[in-house]
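The values are calculated or read from the model by the stated rules, or taken from the named source; none is laboratory data. None of the values given here were measured: they were computed from a predicted structure. All Cβ positions, even for glycine, are placed from backbone atoms using ideal geometry, and neighbour counts span all protein chains on display.
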Amino acid sequence: MTTDGTTEQDSVSGGQAPLDTSGPALPPPGTPIIEVVDIGKNYGSVIALRDVTTTVKAGEVTMISRVPHASDSLSGKATPDTVFGPKDHRSHRNRDNMLDNFEKAETLRFLWDGTGRTIGQAAVAGILAHNEFTCVLPTVLSVDDVREYAAASEMPLTADEHAQVEALWSRNFDHVDRYVMPLKSSV
């Protein structure tokens, strides 16, 4: 919520919505206002976040990560050969983009092989390694998913793992993309 009584969402699908005045009143003057940036961030799909994270690191906003499992390329529930049915929302994904995501995920195997983490937990832990993110909102379809992904907070990345991921991310995971997804905004 901002001081003018609106909520802001700055994201790929961002926009502004009027404040619902049927709820509690605005906080007293001088109360810090929390601004949140909703980012669809995962390590399979690199999004230009450097400008946003500079503002976040200054303490001006916090971020929420959603879809950290990159259409299941970072969950272990799909493979490059998976064909999504016509009613599955992932069926519209560009095939080359999905293949790019799976190949990038392979470069991160050190985050789950021999660490006690699942691939899905590694994806969540990778987001939580950034203090700018206050929470991760994965897609969950079962109680087991909730348990698995929640346990990631108890398996943080080591400083060395985090540094390795950041180095890979800065180089696009040493990968040449077949498909570059255009960024969209409703703002």
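Miscellaneous remarks
- Hits in segment 62-77 - residues which are part of a strand (DSSP E or B) and of a type in the set (A, V, I, L, M, F, W, C): Met63, Ile64
- Residue check, Arg109 modelled with pLDDT of 95 or more and under 25 Å from Tyr179 (Cβ atoms): yes
- The set of residues from segment 133-166 being touching a Pro at 6+ places or on another chain (Cβ under 7 Å) and without any contact (Cβ under 8 Å) to a residue 40 or more places away in the chain comprises just one member, Tyr149.
- When residues of segment 102-132 are limited to those that are among the small types (Gly, Ala, Ser) and in contact (Cβ under 8 Å) with a residue 60 or more places away in the chain, the one farthest from Ser170 (Cα to Cα): Ala123
- Residue within segment 41-60 that is surrounded by 17 or more Cβ atoms within 10 Å (Cβ to Cβ), modelled with pLDDT under 85, β-branched (Val, Ile, Thr) and part of a strand (DSSP E or B) present: no
- Residue, surrounded by the most Cβ atoms within 10 Å (Cβ to Cβ), within segment 101-127, restricted to residues that are among the polar types (S, T, N, Q) and in contact with an Asp or Glu (Cβ under 7 Å, 6 or more places away or on another chain): Gln121
- Some residue of segment 119-130 being out of contact with any strand residue (DSSP E or B) (no Cβ under 6 Å at 6 or more places or on another chain), among the polar types (S, T, N, Q) and at pLDDT below 95: no
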